[in-house]
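Inspection log for the structure reproduced underneath, given as structure tokens.
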Amino acid sequence: MWSVARRPRWILALILSLAIAAGFAALGQWQLGRAVQTATVVTYPTETVAPLSSVATPQKEVTDRAAGQMVSVTGTRVAGDTYVVSDRVNFGVTGYWVIGHVVAQNGASVAVALGWASTKAKADAAANILKSGAPTATIIGRYQPTEPPDQQDFEHGVRSVVSIPALINEWKTVPTAAYGGYIVLQDAPAGLAKIQAPKPQNGVTLDWLNVFYAIEWVVFAGFAIYLWYRLVKDAWERELEISADAEAAKVH
């Protein structure tokens, strides 16, 4: 087959195929460049405190818009619904969070990460004090999405994630509705340290239509080379058939 491919006709066809493939590759690179150039940075005013009800809805998952948003909510911290969560890193140090349960004025419940402690004893002591609840007040903090419950070994008494579904099952006061995320309190109560809750990083959204076009041009470039190979192979196979027919004719 390669003896056929080395003929001038097919060498010229190969040069043409390579030129076409190079053109397609250049178009693909241009489309990819366009996708990057037109990429938009998604920014939200996360540091402007907004009412929780304006960015989140009870019984709904946390949206990209709501995740990391500084929010405020007026409600009452429920007595008895205070829990300690382990393995929480705060400014590079592993310790414990104390989690509370707040019922907002609209009747919906929301979990609140109240503060951090360096040891289990300190966290338990603070949780014991805070379990008496608190009167109605406005709290401010950063709204975060729930964490997967399967990342902890709860069956062996290890609570290491803030899972809203798991907390709802344990709250002594059954909520009529609950927010899908939790709030990291801006100012920790006495006996606990403030939890590190950094501003979320802005995400970049690519123009995926241009990315798909770039992939198509790469496929076309590969097809141009394959078409040359297929034509050469067909020509070679035709010559083999003609030669075989000629040999058969001589025999007869």
Practice prompt. Could you pull out the residue among Gly107, Gly75, Gly68 that is touching a residue at least 12 places away in the same chain (Cβ under 8 Å), exposed (fewer than 15 other Cβ atoms within 10 Å of the Cβ) and either over 22 Å from Ile195 (Cα atoms) or assigned by TED's automatic domain parsing to the domain that holds Ile183 (or both)?
Written response: Gly107
Practice prompt. Kindly indicate whether Asp150 is assigned by TED's automatic domain parsing to the domain that holds Arg65 and in contact (Cβ under 8 Å) with a residue 40 or more places away in the chain.
Written response: no
Discussion item. Show me the helices (runs of 4 or more DSSP H) entirely contained within the range 1-109 in which 1 or more residues are aromatic (Phe, Trp, Tyr) and touching a helix residue (DSSP H, G or I) at 6+ places or on another chain (Cβ under 9 Å).
Written reply: 2-5, 8-37
Discussion item. Please verify whether Gly157 is surrounded by 12 or more Cβ atoms within 10 Å (Cβ to Cβ), at pLDDT below 95 and on the phi > 0 side of the Ramachandran plot, treating the condition exactly as stated.
Written reply: no
Fill in: Where Ala26 falls short, out of the listed (1) among the hydrophobic types (A, V, I, L, M, F, W, C); (2) farther than 15 Å from Ser163 by Cα; (3) in contact (Cβ under 8 Å) with a residue 40 or more places away in the chain
(3)
Worksheet item: (1) farther than 30 Å from Phe220 by Cβ; (2) of a type in the set (D, E, K, R); (3) under 26 Å from the mean Cα position of the chain (by Cα): which one isn't true of Arg77, the others all being true?
Response: (3)
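The values are calculated or read from the model by the stated rules, or taken from the named source; none is laboratory data. Just so it is clear, the model here is predicted, and its values are computed rather than measured. Don't worry about glycine lacking a Cβ; one is built from the backbone with ideal geometry, like all the others, and counts go over all protein chains shown.
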